[in-house]
Amino acid sequence: MNAADTSEKRPLTDENKPHEYPRSGHEEAAEPKTPPGEAQVPTQWAQESGQPAETAAPAVEAAPPAEAAEPRRPSWFKRLGIFLFNPETRLGRAVRATLRWTALVVAIFALGFLIAYVLLYQPAQKDLNATRQSLEAAETRLEENRAALDASARRVEDLQTENEALQNSLEAALRRGNLLKMLHHVNTARLSLMDEDSSAAAAALDEASRELEQFLPWLEAEDSEFTKTLSLRLELASDGLTRDPATALADLEILSNTLLLLDRVILTP
């Protein structure tokens, strides 16, 4: 085996690969280009392997051209939009102008609504809220005043009841005072009659008669028969002072006992 055979069978590596010099532009233009779809094999590799450059690698057949895809038909909505808004047609221009004017009118109305909302509605709403709060506060104060008024009315009723009770007590005390005064004058008349002083007894009976007139209306309302008994005994005692002092003294004693009974039964609480 000679050196030539050894060099041919030795594999091509980076060390024994022949050095390539940069080519000029004329050499690159002169070199034929490999058609697309064929593998390009370097000439030097083909020479070292003992094969011609044309048969170094089999040619790859080019893929047949793909059939042209059928264009997709647009949807009816898109076609309707093109029909209505096409600027190249009279209808499209009219629709576009109408749409612009409609949008302008809507924008003006929206702007007017916004201005009315900001300048009119919000202040009115604030005033309404303030008025509602004032009304609620006034209602609260009214309820408080009404509760205070009810408490005052109950207090007034209690005071009126108490006043009526005090008034009744005062009237009863005055009537009892008149009765005791009358009893005092009757006893004075008895003592004067016992001392045979008819003039003093007559004066005492006159005072007793005036005291009887003070509570006579009330006594008639309570017991008319009792009133008649007192008046009759007082008249009999007055008439018998000079005519029959003994009978008059008995009448005065009966009158005194009647007044004491009246004080215990009716006037004493």
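Among the residues that make up the range 244-261, is at least one of them farther than 19 Å from residue 191 by Cα, out of contact with any His (no Cβ under 7 Å at 6 or more places or on another chain) and in a helix (DSSP H, G or I)?
yes
Could you check residue 143 against (1) closer than 17 Å to residue 251 by Cα; (2) out of contact with any Phe, Trp or Tyr (no Cβ under 9 Å at 6 or more places or on another chain) and say which number it fails?
Going through (1) closer than 17 Å to residue 251 by Cα; (2) out of contact with any Phe, Trp or Tyr (no Cβ under 9 Å at 6 or more places or on another chain) one by one, residue 143 breaks only (1).
Restricting to the range 166-191, and then to whatever is within 60 Å of the chain's Cα centre (by Cα) and of a type outside the set (A, V, I, L, M), can you tell me which residue is nearest to residue 244 (Cα to Cα)?
171
Being of a type in the set (Gly, Ala, Ser) and within 17 Å of residue 256 (Cβ to Cβ) is the filter; apply it to the range 204-226 and report the residue that is surrounded by the most Cβ atoms within 10 Å (Cβ to Cβ).
208
In the range 96-110, is there at least one residue being of a type outside the set (Ser, Thr, Tyr), surrounded by 11 or more Cβ atoms within 10 Å (Cβ to Cβ), over 30 Å from residue 261 (Cα atoms) and at pLDDT below 95?
yes
Scan (1) over 30 Å from residue 222 (Cα atoms); (2) part of a helix (DSSP H, G or I); (3) of a type in the set (D, E, K, R) for the single condition residue 164 breaks and write down its number.
(1)
The values are calculated or read from the model by the stated rules, or taken from the named source; none is laboratory data. Since this is a predicted model, take the numbers as computed values, not measurements. Neighbour counts are summed over all protein chains in view; Cβ atoms, including those assigned to glycine, are modelled from backbone coordinates with ideal geometry.
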